[in-house]
1. In the chain, which cysteines lack any other cysteine Cβ under 4.7 Å from their own?
2. Taking 0.36 nm per residue of separation and subtracting the Cα-Cα distance, what length does fully extending Thr19 through Leu107 add?
3. State the percentage of accessible surface on the chain attributable to carbon and sulfur atoms; use a 1.4 Å probe and exclude ligands, DNA and RNA.
4. So which aspartates and glutamates can Lys176 reach, going by Cα to Cα under 18 Å and dropping same-chain residues fewer than 8 places off?
5. From the Cα gyration tensor of segment 74-151, with a ≥ b ≥ c the square roots of its eigenvalues, which class applies: rounded if a/c is under 1.5, or else prolate if a/b is larger than b/c, or else oblate?
6. Give the shape of segment 92-196 as rounded, prolate or oblate, defined through the alpha-carbon gyration tensor: a ≥ b ≥ c are the square roots of its eigenvalues, a/c under 1.5 means rounded, and otherwise the shape is prolate if a/b is larger than b/c and oblate if not.
7. Compute the Cα gyration tensor for the chain, then decide on rounded, prolate or oblate, letting a ≥ b ≥ c be the square roots of its eigenvalues: rounded whenever a/c is under 1.5, prolate when a/b is larger than b/c in the other cases, and oblate in all that remain.
8. Read phi for every residue in segment 76-88 and hand back ³J(HN,Hα) as whole Hz from Karplus 6.51 cos²θ - 1.76 cosθ + 1.60, θ = phi - 60°, with x for Gly and Pro.
Amino acid sequence: MPDAPAPLAPYGPLPTGGTARPITRWGAEVMHRPQQPVTVYDDALRALAADMVATMVAADGVGLAACQIGEDVAMFVFDCPDSTGRHTVGIVCNPELTLPEGRDRQLDESEEGCLSFPGAFVDCARPDSASVTGTGLDGEPVEFAGDGMLARCLQHETDHTRGTVFGDRLPTKARKKLQKAHDKAAGDFPPEWPAG
Ligand code: ZN
């Protein structure tokens, strides 16, 4: 087997040295309201990003927003493959999402899950490509675009910074199915997961 291509990291690698923290779950107040914009790009923000990366890795996720470790900050990190399987890694503060419109708008109905509602996946229709602009950890502009799971991830994580969880986007029947799967898997995800 050929080696997988190195991840695309157009703005540099993700910060390391953070500590995995317990993941905040749906229902916590911080997850259901818009997050505070980032205005100061300092060591505290970098330390938060490093903890988010460590938590995402420990939980085997492809993306994580700050509210998912209980922080009211409009920022997310991701390490996610596109439709070719190639990963892109990045950090976005104050994300603004652009989705295809008109004839370019095609929906992809693939499985989606959320680390803040672990152990459950259901189909969720979303546009099959997306781009996000914002700022990086140094306050400079960043832009990411992609298809496949990366398109889904960019939409899902931007949603988190606005206080929307993907359950909010599901019809009642799918939401019930999601709840059932989550309840069944609850024992695998104690409150401290994935810390410690
Ligand atoms: Zn999520």
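1. Cys67, Cys93, Cys114, Cys124
2. Numbers: separation 88, 0.36 × 88 = 31.68 nm, distance 3.66 nm.
Here the answer is 28.0 nm.
3. Values: 5220 of 10060 Å².
Of the solvent-accessible surface of the chain, carbon and sulfur hold 52 percent.
4. Qualifying aspartates and glutamates at Cα under 18 Å: Glu109, Glu111, Glu112, Asp123, Asp168.
5. Numbers: a/c = 1.81, a/b = 1.25, b/c = 1.45.
It is oblate, given that a/c is not under 1.5 and a/b is not larger than b/c.
6. On the way: a/c = 2.67, a/b = 1.34, b/c = 1.99.
It comes out oblate by the Cα gyration axes.
7. Numbers: a/c = 1.33, a/b = 1.07, b/c = 1.24.
Verdict is rounded for the chain.
8. Coupling constants for segment 76-88: 9, 10, 8, 8, 9, x, 9, 5, 8, x, 7, 7, 10 Hz.
The values are calculated or read from the model by the stated rules, or taken from the named source; none is laboratory data. Only a predicted model underlies this, so the values are computations on that prediction, with no experimental measurement involved. All Cβ positions, glycine included, derive from the backbone under ideal geometry; neighbour counts span all protein chains shown. Surface areas here come from the heavy atoms of the whole protein model, side chains and all, with no ligands, DNA or RNA. Shrake-Rupley method; radii C 1.70, N 1.55, O 1.52, S 1.80 Å.
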